[in-house]
Amino acid sequence: MTNLDLLMEEIRIATDFQINKKILREKIQTDLHMAHHGGLFKITPELLAFVKTWPVDELYLEDVYQNPISIDKQVFLVTAQQHYQQVMNRWHQEYEEIKKIRKI
Amino acid sequence: MKKLKKSEKSRGIIAFANNNKITDYVSIAKNSLKIAEKTLGLPTTLISLDDLNYNNTRYDIDTEQFVEWKNYDRCLAYDLSPYDETIVIDADYLILDNNLNKIFDCQWDYLLQRNNLALSTNYPYKMGANSLPYVWATVFAFRKTEKSKLFFDLISRIQKNYNYYKLLFNVDQRNFRNDYAFAMADIILNGYSIVPHSIYGTMITVDQVINSISKKDNKLIIKDNSKSFVLPVTNLHIMSKAYLQSENFLELVDGLA
């Protein structure tokens with residue numbers, strides 16, 4: 001491979017950080033969904049805070065398909081917190097990785 | 001004969017594929033299903049109905065011209081699927097993560113893909129300037145329920161009378177599009193309203209001519225003629241049929257499946 005070929009290859013693999021970042025965010029928004037007790041929930045800080053502050057152990061939450069789902073507060077909270085932390089950690093890790101290869 | 005588990009009998013993935021003069025859709029679908037089977041751990045079925053007497057065209061990004069397209073069999077999914085719960089994918093849809101498995105735990109009759117994000121184009125979200133939003137029939141799921149049966153019967157009716165429904169919904173494009181027929185049926189079935197029921201998340205579409213896709217350190221690196229994209233491992237809708245028939249794609253399939 002000549003120097004020109006190498007240079008061309010280098011230019012060709014230049015990547016657009018903003019697009020990579022946008023796609024990664026979309027993937028994470030998808031991954032934040034969690035199936036629980038026959039329902040599908042997008043785990044958000046708001047949902048976690050709401051469930052945590054709910055004064056009764058059993059409650060009904062509306063899932064993304066507009067169904068009321070019976071929830072055991074403690075079970076849901078532990079599972080949802082773990083799911084949220086796992087996905088957000090991965091987002092941070094993958095974001096740092098794509099930042100390192102930033103070209104544009 | 002392999003003895004299937006109960007869940008394997010009733011849940012699976014199907015793809016429709018019919019070859020035309022320039023694209024071997026059947027081979028592409030076989031490879032896509034191979035990846036899907038590995039990723040989701042579900043059985044797969046390929047359906048090829050070459051005797052449908054319809055002709056349609058689509059714009060091919062590789063050859064930059066309109067090519068023959070046999071895409072009229074999607075409305076038969078309900079009758080032809082051997083599964084009680086079915087995910088239907090286009091031949092060019094690669095299932096690379098297991099998010100679709102989560103939908104089976106929930107209550108629905110059918111789910112459509114409503115959100116799409118393409119790497120190089122901003123697609124309109126409506127069927128026409130004065131029309132309603134459409135869905136992406138690239139990937140959808142259904143259970144064999146009464147409502148799903150009605151849904152597919154309605155798609156079939158729309159397909160047969162497409163010129164009427166095209167005018168009714170102010171559709172801009174002349175050609176039949178599954179995406180539009182599915183959207184119309186969904187809107188009618190829900191009392192002329194749009195319900196938010198959807199395959200959750202956004203479909204990522206690689207809508208340009210590409211040279212390669214490789215998987216490295218849990219990331220996908222997609223290269224086209226001018227740049228590369230570094231993406232998380234996620235489901236992809238690949239529009240370049242030339243790429244899906246290339247050696248690089250076969251290497252990707254071997255690596256993944």
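The values are calculated or read from the model by the stated rules, or taken from the named source; none is laboratory data. Since we're looking at a predicted model, the values are computed, not measured. Positions of Cβ are backbone-derived with ideal geometry, glycine not excepted, and every protein chain shown enters the neighbour counts.
A compact table of results
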quantity	calculated
Residue check for residue A:67: within 8 Å of another protein chain (Cβ to nearest Cβ) and either over 30 Å from residue B:213 (Cα atoms) or among the hydroxyl-bearing types (Ser, Thr, Tyr) (or both)	yes
Condition broken by residue A:31, with the remaining ones in (1) in contact with a helix residue (DSSP H, G or I) (Cβ under 8 Å, 6 or more places away or on another chain); (2) among the acidic types (Asp, Glu); (3) at pLDDT below 95 satisfied	(3)
Selection status of residue B:179, among the acidic types (Asp, Glu) and more than 10 Å from chain A (Cβ to nearest Cβ)	yes
Meets criteria (touching a residue at least 24 places away in the same chain (Cβ under 8 Å) and in a strand (DSSP E or B)) for residue B:252	no
Subset of the range A:36-48 (residues that are part of a strand (DSSP E or B) and either closer than 14 Å to residue B:105 by Cβ or touching a residue at least 24 places away in the same chain (Cβ under 8 Å) (or both))	A:36, A:39, A:40, A:41
Qualifying residue in the range B:222-229 (condition: surrounded by fewer than 15 Cβ atoms within 10 Å (Cβ to Cβ), at pLDDT below 95 and within 14 Å of another protein chain (Cβ to nearest Cβ))	yes
Among (1) touching a Phe, Trp or Tyr at 6+ places or on another chain (Cβ under 8 Å); (2) at pLDDT below 90, the one test that residue B:256 misses	(1)
Within the range B:8-34, tally of residues that are assigned to a helix (DSSP H, G or I), surrounded by fewer than 21 Cβ atoms within 10 Å (Cβ to Cβ) and of a type in the set (A, V, I, L, M)	1
Residues located in the range A:62-79, provided they are under 18 Å from residue B:103 (Cβ atoms) and either touching a helix residue (DSSP H, G or I) at 6+ places or on another chain (Cβ under 8 Å) or aliphatic (A, V, I, L, M) (or both)	A:64, A:69
Hits in the range B:203-221 - residues which are over 19 Å from residue B:140 (Cα atoms), within 15 Å of the chain's Cα centre (by Cα) and either within 11 Å of chain A (Cβ to nearest Cβ) or buried (at least 22 other Cβ atoms within 10 Å of the Cβ) (or both)	none
Cross-chain or 6+ apart pairs with Cβ under 6 Å, the range B:80-95 first and crowded, with 20+ Cβ neighbours inside 10 Å, then part of a loop (DSSP other than H, G, I, E, B) and modelled with pLDDT under 95	B:91/B:17
Where a residue in the range A:62-74 is of a type in the set (Lys, Arg) and its partner, wherever it lies, is in a strand (DSSP E or B), with Cβ under 9 Å and at least six apart	A:73/A:58; A:73/A:59
Residues (among the hydroxyl-bearing types (Ser, Thr, Tyr) and either in a strand (DSSP E or B) or within 11 Å of chain A (Cβ to nearest Cβ) (or both)) located in the range B:107-148	B:110, B:120, B:138
Subset of the range A:72-95 [under 17 Å from residue B:233 (Cβ atoms) and either buried (at least 16 other Cβ atoms within 10 Å of the Cβ) or within 13 Å of chain B (Cβ to nearest Cβ) (or both)]	A:87, A:90, A:91, A:92, A:93, A:94, A:95
Filter result (away from chain B (no Cβ under 14 Å) and part of a loop (DSSP other than H, G, I, E, B)) within the range A:49-64	A:54, A:55, A:56, A:57
Residue within the range B:217-226 that is among the polar types (S, T, N, Q), in a loop (DSSP other than H, G, I, E, B) and touching a residue at least 24 places away in the same chain (Cβ under 8 Å) present	no
Residue within the range B:194-202 that is more than 19 Å from the chain's Cα centre (by Cα), in a loop (DSSP other than H, G, I, E, B), away from every other protein chain (no Cβ under 12 Å) and loosely packed, with under 14 Cβ neighbours inside 10 Å present	yes
Search result, residues across the range A:1-20 that are closer than 30 Å to residue B:102 by Cα and either at pLDDT 95 or above or at the interface with chain B (Cβ under 7 Å from one of its Cβ atoms) (or both)	A:19, A:20
